[in-house]
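Down below is the structure, laid out as structure tokens.
No value in this document is a laboratory result; all are computed from the given coordinates. Since this is a predicted model, take the numbers as computed values, not measurements. Cβ sites come from the backbone with ideal geometry, for glycine too, and all protein chains shown count toward neighbours.
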Amino acid sequence: MPIQGSTIAGAVFGVVLLAGVVGFGVGLPELVGDSAESASSADLPELPDALDDRMVAVSAVTPEQVGVTTPQDEAGLDQVTEAAAENETEAGAALAEQYGAATVRAYIDIAGMTGGDGQTAPAHVAVTVVPGEMGLVIPNGPFAIDQSGSHYELREIDGHRCAVAWREEVDQMTGEPTGAEVPASAYQAECRAERDGVAYDVFSTGLEPEKLAGYLDRVLELTAED
């Protein structure tokens, strides 16, 4: 199915994600002095253009991958990919001021771009890599929220420290959760790992937490030789 124009506009959300990534470092120990000065982007792994056949870097999405054929839609897609590349650079530079170096990349579910309903944004994953320890994964504090169907909790998923937020469907009359199954689109999640003195952070919207933890494993696998 060719990509819809409204979905191309929705892909900008993947670029907006990067603005929030800059704030993820709250739980990381800041590098100072010689440690910060010695760190450089050359010491960090290069993040790939795709994590799998579906999750592709916003800055690397091609017209062929999303079925774009008209000049108008091609121009719109070019704007999205160019803005994503610029924001990846800006977000990495902002984090590098704190940690000496940083690599940031946003990924989008291209299947969601081409097969979505035009109302729900495709799933996104933002990957951030900085030197140092991974720190606490506790961006919204340690206490769960249970109000009007909103929930937040810390979890260990497949050995990774994660923070998960989601919203249940609520009965409009009583304000109570209906008990319906929580859709993937209702989730936001963040997971972290550490390897060889490098901290890896993945943040997602519209993706089940277990799948996000799987993407963290995938990032570690794809960067193992760097």
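Nearest 0.05, what FRET efficiency do GLN98 and MET173 give at R0 = 45 Å with Cβ-Cβ as r?
According to the calculation, E is roughly 0.40.
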Counted charge near PRO63, where neighbours are those whose Cβ lies closer than 11 Å (Asp, Glu -1; Lys, Arg +1): -4
How much length is gained if the chain between ALA224 and GLU133 is pulled fully straight, taking 0.36 nm per residue apart and subtracting their Cα-Cα distance, in nm to one decimal? 31.0 nm
Contour minus Cα-Cα distance for GLU153 and ALA60 (0.36 nm per residue): 30.2 nm
Under 16 Å from the 7 Å Cα→Cβ point of GLU181, by amide nitrogen: which residues of region 189-226? 207-211
Cα-projected label distance for GLN72 with GLU86, points at 7 Å along beta-carbon direction, nm: 2.3 nm
